[in-house]
Structures are given as structure tokens and as C-alpha cells.
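Novice: Following this message is one structure expressed as C-alpha cells.
The values are calculated or read from the model by the stated rules, or taken from the named source; none is laboratory data. Bear in mind the structure is a predicted one, so any value in this text is a computation, not a measurement. Every residue, glycine as well, gets a Cβ built from its backbone with ideal geometry; the counts of neighbours run over all protein chains shown. Keep in mind that these areas ignore ligands, DNA and RNA; they rest on the heavy atoms of the full protein, side chains included. Shrake-Rupley method; radii C 1.70, N 1.55, O 1.52, S 1.80 Å.
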Amino acid sequence: MPDLSLGLQLGYWGALYPANHVALAQEAERLGFDSVWTAESWGNDCFTPLAWIGAQTSSIRLGTSVAQLSARTPASCAMAALSIDHMSGGRMILGLGVSGPPVVEGWYGQPYAMPVSRTREYVSVIRKILARREPVRNDGPHYPLPYTGEGSWGLGKPLKSITHPLRTDLPIFLGAEGPRNVAQTAEIADGWLPLYYSPYRQQVYTDQLSAAKPGFEIPATLSLIINDDLEQALYPVKAMLGFYIGGMGSRKRNFHKDLMARMGFADEAEQIQELFLAGQRDEAIAAVPTQFADEISLCGPRERIREKLVDWRNSPVTSLLIHGDVNLLREAAELVL
């Protein structure tokens, strides 16, 4: 086994169903990729495409990156995960995340309050369902079981899953950005799905990950762009950062901006947001520091990427999740595996 594995990050769909996703997953499996991941935002869900891919592959692990907590109750989420795990022969990884206030309150119509304690309770209920030791009860404020609140008929009773889970220890990963959420992830989850990880700033997360158990996984999504012109290679990374740091969230609360600040680029993050919200999107992209874009990606000529891979191998990251066409998957396999 290589000391650094590869995963295929398919993300969420755009306006149409990406008809090449199954073929990409099959090629990734053939090349020795460890995992394939699907996502959701406010369009497609993440479980249906993952089941479709799982039916047409045989060994690659199947992950959600991420399933949004507000999209379904913990019980519903556990049902989907244990179903795919059975049908795939034990290949499911349940990746969860709280998303952000614009999606939670604007799309799902739910309050965003207390995301850290809500995540802990959500994971706890799922683990109880998968353990299947007894009918599930939960006294927490977010997902009470049985429900006895407003509108209740008083007829609810604790239930135990009819279907026996294939694995009671089905792995649960969490997508987390804030310090408290990352620390909690290390405590209660089997893996962490970071955003904008830099192997050159490991100290940002050292304390937060101190509670991680042996075998804890860190699959990091990044851009792999092979181009002899480094600035051209980095432009898509800067464009992504300009959009997320500038416009994903509000002026008062943007988790992506906050993370960039904690990683040592507070002034630059502020400038990017100001430019983006002023309608100067090209200028916002230009304001993204080359150093930051370069640290969180693998861009440039092949030999430069090979050199940078040494730094990723020397970090806590266990897998690199990349997105691209068949040719890029083959290039990645040659470089990493």
C-alpha cells in the first residue's frame, strides 16, 4: 500500500447530470484509487449517485463529501448509509457536514444555530442505529427520539432497525472548518474532510487533531493541474478561492474567509471579500495570494508536483481527493501511486 492514496472527488452536479461520472469512477478503480466521493448542495442529492456508481464498480470505497445534516434526519441518513453499505459489500464511508446558513436556512428552511452540538448529537444517533443494541432513544434538544414536542400524537416509541447493518462500525467522516468543530471531529469521527489544507501550516490543526484515534483518516480535496506555466495552472484555484472567500456567506459571517485568516492570510481574505462584494470579481481573483493558492493545491510542471508530493506525504493527510478527466486520473496515478 502506498503511504498516500488517491480518491476521485466528483462533487455535486451543475445544471445537468454528468454522464461521465460512472466511467470516471470505473477508471479510477482500475488505476488503484482508494475511494470515490459524491456531494450535494441545493440540487442533486449525494446518496443516489453514489449507489449508482457502487452498482457499477466492485472494490473502490464509496464516500459522501458531504451529506448535509439538514437534508435529512439522523435516522434517514443512517438508513441510506447502511443500505449502500450492504449493496456495495461494505464500501460505504459516511461523510457528513453542517453546510452553512445560506443553505440550511435558505434551502432546507431550518435554523443554523448550534452547529457543533447538533453535529455531535447527529453522529450519536447514527451510531446508536448502526450498533443496533437496543431501541433508539435520544434525549438531546436537536433530534429527540421519540418525539414528544409540539404537534406530537404521543404515540411514538423507540425503534430498532429492522435491517441488520452490515458493519456496526461503518466509518463516519466529518467535514469541519472551525477550530471547535475540527477538535470535535477528531474526538467522535473516524476521519476528517478538511477544506484548504496546507501541509506547510500543519500547526494550524495540531492541537485540534490531538484527540484523533489510531487509523484516523484525512482525505483532502485539492486541485491537481499539470502545466509548465505555474500562473496559468494556479488560475482555476484562485478563481475558486475568489468565489468562496468573497461570496459564499455574508459580509459578517463567511467560514471560508475565517479559515483563510486563521491560516495566516487575514488581510488578503478581507480584501478579496471587499472586492467580490463590490462586484469586482476579476480583481477579487487577482487578490488571491499565489502562495496560498499554491500551498493548498498541486499545480505546475510534473517535476515540481513530484517535489511537492514529498511535503504532502510528510503531513497527516492520508489521501488526496482530485477531480478531472480520465487523462488527469492517469497522470495522478503515475505521480502518486
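Novice: Taking a probe of 1.4 angstrom, what is the accessible area of I188 in Å², to the nearest 10?
Specialist: That residue has around 30 Å² of solvent-accessible surface.
Novice: Binning at 5 angstrom from zero up to the longest distance, how are the C-alpha pair distances of the stretch 13-115 distributed in percent?
Specialist: Histogram of Cα-Cα distances, whole percents per bin: 2, 13, 23, 22, 18, 12, 7, 3, 1.
Novice: Taking the stretch 72-153, how much of its Cα-Cα pair set, in percent, is spaced more than 19 angstrom apart?
Specialist: Above the 19 Å cut-off, the stretch 72-153 has 46 percent of its Cα pairs.
Novice: Under a 1.4 angstrom probe, counting protein chains only, how are K213, K157 ranked by accessible area, largest first?
Specialist: Descending accessible area places them as K157, K213.
Novice: Per residue, how large is the accessible surface of the chain? Use a 1.4 angstrom probe and give square angstrom.
Specialist: Each residue of the chain exposes 47 Å² on average to a 1.4 Å probe.
Novice: Consider just the alpha-carbon atoms of the chain and return their Rg together with their Dmax, both in angstrom.
Specialist: Computed over the Cα atoms of the chain, radius of gyration and Dmax are 20.2, 67 Å.
Novice: Round to the nearest 10 and report in Å² the accessible area of V310, as given by a 1.4 Å probe over the protein chains' heavy atoms.
Specialist: Accessible area, nearest 10 Å²: 80 Å².
Novice: So, in nm, how far is label L335 from label A266 when the simple model puts each one 7 Å beyond its Cα toward the Cβ?
Specialist: 3.4
Novice: Now for a different question. Quick check: the angle from helix 21-31's long axis to the longest principal axis of the chain, C-alpha only, nearest 10 degrees?
Specialist: 70
Novice: Tally Lys and Arg at +1 and Asp and Glu at -1 over the other residues with C-beta under 13 Å from the C-beta of P141: what net charge comes out?
Specialist: That works out to 0.
Novice: With 10 Å bins from zero, work out the P(r) of the stretch 179-226 over every alpha carbon pair and list the percent per bin.
Specialist: 25, 55, 16, 4
Novice: Sort the stretch 188-255 into rounded, prolate or oblate with this rule: let a ≥ b ≥ c be the square roots of the eigenvalues of the Cα gyration tensor; rounded if a/c is under 1.5, and if a/c is not under 1.5, prolate when a/b is larger than b/c, oblate otherwise.
Specialist: Cα axes put the stretch 188-255 in the oblate bin.
Novice: Among W312, Y122, Q203, which residue has its Cα positioned farthest towards the positive end of the charge dipole of the chain, with +1 placed on the Cβ of Lys and Arg, -1 on the Cβ of Asp and Glu, and the dipole taken about the Cα centre?
Specialist: Most positive-ward Cα: Y122.
Novice: Here is a further query. Counting only protein heavy atoms and using a 1.4 Å probe, what share of the accessible area of the chain belongs to carbon plus sulfur, as a whole percent?
Specialist: Accessible surface attributable to carbon and sulfur in the chain totals 54 percent.
Novice: While we're looking at this one, here's another question. Beyond 16 Å, how much of the Cα-Cα pair distribution for the stretch 101-140 remains, as a whole percent?
Specialist: 49
Novice: Normalised radius of gyration for the stretch 134-200, please: alpha carbon Rg relative to 2.2 N^0.38 Å, two decimal places.
Specialist: 1.58
Novice: Multiply the residue separation of S76 and A211 by 0.36 nm, subtract the distance between their alpha-carbon atoms, and state the gained length in nm to one decimal.
Specialist: So the extension gain works out to 45.7 nm.
Novice: Give the whole-number value, in cubic angstrom per residue, of the convex hull volume spanned by the C-alpha atoms of the stretch 237-334.
Specialist: Hull volume over Cα atoms, normalised by residue count, gives 121 Å³.
Novice: What is the pair-distance distribution P(r) of the stretch 174-299, computed from all Cα-Cα distances in 10 Å bins starting at 0, with each bin given as a whole percent?
Specialist: Per 10 Å bin, starting at zero, the Cα-Cα P(r) for the stretch 174-299 comes out as 13, 41, 33, 12, 1 percent.
Novice: Shifting gears a bit: Please report the spacing between the Cα centers of the stretch 111-188 and the stretch 279-337 in Å, no decimals.
Specialist: Answer, in whole Å: 35.
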